[in-house]
Amino acid sequence: MKKLVFVSLLALVAVGAVTTMAFAAEAAPAAAGGNPNGGMIALAAALAVAVGALGTAWAQSRIGAAAAGAMAERPEVGGQMLIFLALPETMIILGFLVAFFLIGKI
């Protein structure tokens, strides 16, 4: 529980630091003709990938533990377990897709 609280606080501090940098960059004049909201869009793209990666890692850790137990009892379910481990990867792929579209707006 302590580790979860520590990681959550660390993530909040990191997001706060990135948001502060994004606001500081956004306050600078957009002399180059870029998007004035580019910093916030970049932050949104980073969060899309980061949250997708965290969700994928959490899901695969739970599925991996269950798969190891199931394969210890019945080794013939190994193929199904590989498919179940590959399913959460769609979350990170969709996160990359959202980030790609967001970065295209900058």
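Rounded to the nearest angstrom and listed largest first, the equivalent-ellipsoid semi-axes of segment 36-103 from its Cα gyration tensor are 35, 10, 4. Highest mean packing first, where packing is the average number of other Cβ atoms within 10 Å per residue, the peptides 65-75, 79-89, 95-105, 46-56 line up as 46-56, 95-105, 79-89, 65-75. Stretching the chain fully between T90 and A66 yields a gain of 6.7 nm (0.36 nm per residue, less the alpha carbon separation).
Taken together, the values in this text are just the output of simple stated rules run on the coordinates, not laboratory data. Keep in mind that what you see is a predicted model, and the values were worked out from it rather than measured. Ideal geometry is used to build each Cβ from the backbone, glycine not excepted, and the neighbour counts take in all protein chains shown.
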